[in-house]
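Please read the structure below before turning to the comments.
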Amino acid sequence: MANEFPQTLTIAGTDSGGGAGVMADLKTMQERNVFGTAVIVAVTAQNTLGVQDFMALPQKLIDEQFASLAADLKIRACKTGMLADASHVHGVVENLKKFDFGPLTVDPVMIAKGGAALLADDAVETVREELIPLADVLTPNLPEAERLTGMTIADETDMEAAAVALQDLGAKNIVIKGGHGDAKVARDFVLLMDGRSFWLEAPRVETVRTHGTGDTLSSCITAELAKGQDFETAIRIAKKFVTAAIVHPIAVGNGHGPLNHWA
Ligand code: PLP
């Protein structure tokens, strides 16, 4: 029998505008030559101008999506994105404990760039206590790292300290994305589970077309892990993929446009 094609899973919310969430994840997985599947947690009404509305699905239907995949497919790596609220975070955690879907990358999505809250305020504690201990890779941006650690991150020394604090919460490998800072280069700090650390650099690009950047990074890491890459290699490949997708923008929509996944 032929070797099974690498299969991946995103557990997240949709973006009707196609730029972020499950849509960005599946496009990234396709470009990285893995087979993408999805457990939909929430549906958003969204375009490049913002999130107009969203609703989380009933937990029963989410549980059934997990069970359908577990009964048939061989998922080698998975990721979480928008999880909406505390009860859905908890429900997803229960499923992740029940099934083996390979290494888990957690993108702790909280607030969309347009300001919409994609995670209820009171769910941050559930993410911290239940989901983060399961994370093989955790990819917060600066505001998310601050919320999760309770620290103020003012400089790169603070980023290093926050990564250690996030490891103390139970996540194995940490990528703190510096893109929300205002320095000329967007530096991300990586702390691996063996204690090694390094900075990833990319030039800061003046563009509004960065919608779905976090989703693309975390789903690219997931794709590379499914192919058998080690954590460091997967993270380095994902950073390059996202940088190329930002540097060569495509014109879609009138607002905060999507990345170019073909770049
Ligand atoms: N919508 C969904 C469903 C998402 O998962 C995300 C990000 O993770 C966003 C919107 C926000 O994307 P951005 O902050 O890049 O606009």
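The values are calculated or read from the model by the stated rules, or taken from the named source; none is laboratory data. Because the structure is predicted, anything quoted here is derived from the model rather than measured. Cβ sites come from the backbone with ideal geometry, for glycine too, and all protein chains shown count toward neighbours.
Tabulated results
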{"read-out": "Failed criterion for F99 (all others in (1) aromatic (F, W, Y); (2) more than 10 Å from the ligand (Cβ to nearest atom); (3) closer than 24 Å to T213 by Cα hold)", "value": "(3)"}
{"read-out": "Hits in the range 71-91 (condition: among the charged types (D, E, K, R) and either within 16 Å of the ligand (Cβ to nearest atom) or modelled with pLDDT under 95 (or both))", "value": "K79, D85"}
{"read-out": "Subset of the range 175-186 that is assigned to a loop (DSSP other than H, G, I, E, B) and of a type outside the set (D, E) - its residue that is farthest from the ligand (Cβ to nearest atom)", "value": "K184"}
{"read-out": "Any hit, the range 201-220, residues being in a strand (DSSP E or B) and either over 15 Å from the mean Cα position of the chain (by Cα) or among the hydrophobic types (A, V, I, L, M, F, W, C) (or both)", "value": "yes"}
{"read-out": "Residue list for the range 181-217, filter: within 22 Å of I132 (Cβ to Cβ), out of contact with any strand residue (DSSP E or B) (no Cβ under 6 Å at 6 or more places or on another chain) and of a type in the set (D, E)", "value": "D194, D215"}
{"read-out": "Matching residues in the range 187-204 - criterion: being touching a helix residue (DSSP H, G or I) at 6+ places or on another chain (Cβ under 6 Å) and either acidic (D, E) or within 14 Å of the ligand (Cβ to nearest atom) (or both)", "value": "D188"}
{"read-out": "Count of the range 148-166 residues which are assigned to a helix (DSSP H, G or I) and buried (at least 18 other Cβ atoms within 10 Å of the Cβ)", "value": "7"}
{"read-out": "Extreme residue, farthest from the ligand (Cβ to nearest atom), among residues of the range 105-127 that are surrounded by fewer than 20 Cβ atoms within 10 Å (Cβ to Cβ) and in contact (Cβ under 8 Å) with a residue 40 or more places away in the chain", "value": "G115"}
{"read-out": "Leading residue by the ranking (surrounded by the fewest Cβ atoms within 10 Å (Cβ to Cβ)) among those in the range 29-52 that are more than 16 Å from the chain's Cα centre (by Cα), among the aliphatic types (A, V, I, L, M) and within 13 Å of the ligand (Cβ to nearest atom)", "value": "L49"}
